[in-house]
Amino acid sequence: MVSRATVYRYFPSEEALVIEAPLALAFRDLEEVIPEGAPADPRERAAMVQRYLFEHAAGNENQFRTFLRATLDQWIAAQGNLDEPLRAGRRNDMYERALAPVRDRLDDETYDRIRHALPVMSGIESLLVIRDVCGLSAERGGEIMEWAVRRLVQAVIEDADRNEPAGP
């Protein structure tokens, strides 16, 4: 049995619980997305994460849009004064695992930048831009976002190999 306090720590409202719980239950474990024995190439690993997250969002688009609305409502109600992120950091954990093979080659600033840039290219937010702003299908958008993830990781690796520091 889970206490009410624990439930509300993860789901700040009853609406959030009703909306997010089914999405969370359908979410694959980190080890399933990047299984033991997965390629060591961080471009491929990051693409595996991006592909999974984007397809998960596209396959549950209505639920994710509803969840996003509830999250935005929470932000508005708090007038942006929040002590903690509104969303769980699953994407962060997945991309950290994807980048593990090159972590020791990246300085802290570069690692911090890429581990925060990659989640932007995954999930419901990028799907919304692809569909609502760009007018593309989810399939085409997924291809483009996977390309962008691969190119970003490649550029970061090339910069690290040349010992170039992170950008501005």
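The values are calculated or read from the model by the stated rules, or taken from the named source; none is laboratory data. The model shown is predicted, which means the values in this text are computed figures rather than measured ones. Virtual Cβ from ideal backbone geometry, glycine too; neighbours counted across all protein chains shown.
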(request) Looking at (1) at pLDDT 65 or above; (2) surrounded by 15 or more Cβ atoms within 10 Å (Cβ to Cβ), find the lone condition where Gly37 falls short. (result) (2)
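On the given criteria, is Ala40 within 20 Å of Val129 (Cα to Cα) and among the hydrophobic types (A, V, I, L, M, F, W, C)? Outline the logic, then answer.
Numbers: within 20 Å of Val129 (Cα to Cα): no; among the hydrophobic types (A, V, I, L, M, F, W, C): yes.
So Ala40 fails the test.
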(message) If I filter segment 74-111 down to residues being in contact (Cβ under 8 Å) with a residue 40 or more places away in the chain and of a type in the set (Asp, Glu), which single residue comes out as nearest to Glu36 (Cα to Cα)?
(response) Asp93
(request) May I ask you to verify whether Val149 is of a type outside the set (Asp, Glu), out of contact with any strand residue (DSSP E or B) (no Cβ under 6 Å at 6 or more places or on another chain) and under 21 Å from Asp41 (Cβ atoms)? (result) yes
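Restricting attention to segment 112-133, which residues are buried (at least 19 other Cβ atoms within 10 Å of the Cβ) and either closer than 20 Å to Pro35 by Cβ or aliphatic (A, V, I, L, M) (or both)?
Initial filter on segment 112-133 (buried (at least 19 other Cβ atoms within 10 Å of the Cβ)): 114, 118-119, 121-124, 126-127, 130.
Listed by number, the residues that qualify are Ile114, Leu118, Met121, Ser122, Ile124, Leu127, Ile130.
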(request) Of the conditions (1) exposed (fewer than 15 other Cβ atoms within 10 Å of the Cβ); (2) among the small types (Gly, Ala, Ser); (3) in contact with a Lys or Arg (Cβ under 6 Å, 6 or more places away or on another chain), Ala98 clears all except one; give me its number. (result) (1)
(request) Consider Phe54 carefully, then state whether it is within 22 Å of Leu128 (Cα to Cα), buried (at least 19 other Cβ atoms within 10 Å of the Cβ) and modelled with pLDDT of 90 or more. (result) yes
